[in-house]
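Peer 1: I am attaching a structure below and will ask some questions about it afterwards.
Please treat every number below as a calculation from the coordinates, not as lab data. Just so you know, these numbers come straight off a predicted model, no measurement behind them. Cβ placement follows ideal geometry from the backbone for every residue including glycine, while neighbour counts extend to all protein chains displayed.
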Amino acid sequence: MKIEKDIDILQAIDTVDKIVDIVALKWMSSNNTAIRIEFMKVFAGVSPELISHYLDKWDGDFASFYLNSDEGMRRKIFTYYSIPLEPDKYSADDDSLTMALINGVQKFDVFPFESHVVHLFYLMAYNNPLELLKTIAPDTFHILNSKKMDMYGNGLNWSKAWTICADYDKERIVEYILNEA
């Protein structure tokens, strides 16, 4: 997706801010009992067997969990934490979603913008060490380097880095994930 409007960048930053601050760092710092309770609240109305299945997918890293979740799980997370999410563009139960993906429809035209931005952020986190910030957000990289932060690419390290970023570096990261990732 080529960035067409500044509003897309601001909306993407706001969404990643909320997911990182309200969900990701909280979940990744929770013990097993706390995460079980949180899953029961977030996924209320889902069968106990399905919640158990979700818990089996939890490996302590929100990025891994998010990347391996379906749109229904993602929607429940956004809804529970009152994070804005545009309506579904295709029904998950409908063959039109599968056909759109097979026919090469852009993922931003298939999935809700906010959900897909978070997906791209955590996909970048898993595919890149924080050294990537040398080129796209050098000021943040220097701060992380001076703090001797672990540069391994995963959800926790990228989430922590995101909280340190100045707004202009967040813009650069979002531009990168929207245009390059």
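Peer 1: Can you tell which of L55, Y176, S82 lies farthest toward the positive end of the dipole of the chain, using +1 and -1 charges on the Cβ of basic and acidic side chains (Lys, Arg; Asp, Glu)?
Peer 2: After comparing all options, I get L55.
Peer 1: Go ahead and set up a Gaussian network model of the chain, Cα springs under 10 Å, then flag whichever of N31, N145, N154 fluctuates most.
Peer 2: Maximum fluctuation in the GNM of the chain, among the listed residues, is at N31.
Peer 1: Okay, moving on. Quick check: from the Cα gyration tensor, does the chain come out rounded (a/c under 1.5), prolate or oblate?
Peer 2: Here the chain falls in the oblate category.
Peer 1: So how many Lys-Lys pairs in the chain land under 14 Å Cα to Cα, not counting same-chain pairs under 8 apart?
Peer 2: The number of close lysine pairs in the chain is 11.
Peer 1: Still on this structure, please answer the following. Beta carbons within 10 angstrom, averaged per residue: use that to sort the peptides 56-68, 120-132, highest first.
Peer 2: 120-132, 56-68
Peer 1: Moving on. Assign one of three labels to segment 124-181, namely rounded, prolate or oblate, based on the Cα gyration tensor with a ≥ b ≥ c the square roots of its eigenvalues; rounded applies when a/c is under 1.5, prolate when it is not and a/b is larger than b/c, and oblate otherwise.
Peer 2: oblate
Peer 1: Let me ask something else. Could you size up the charge dipole of the chain around its Cα centre, putting +1 on the beta carbon of Lys and Arg and -1 on that of Asp and Glu, and report it in debye to the nearest 20? List each step's numbers first, then the result.
Peer 2: Details: 18 positive and 28 negative charges, 116 e Å.
Charge dipole of the chain: 560 debye, to the nearest 20.
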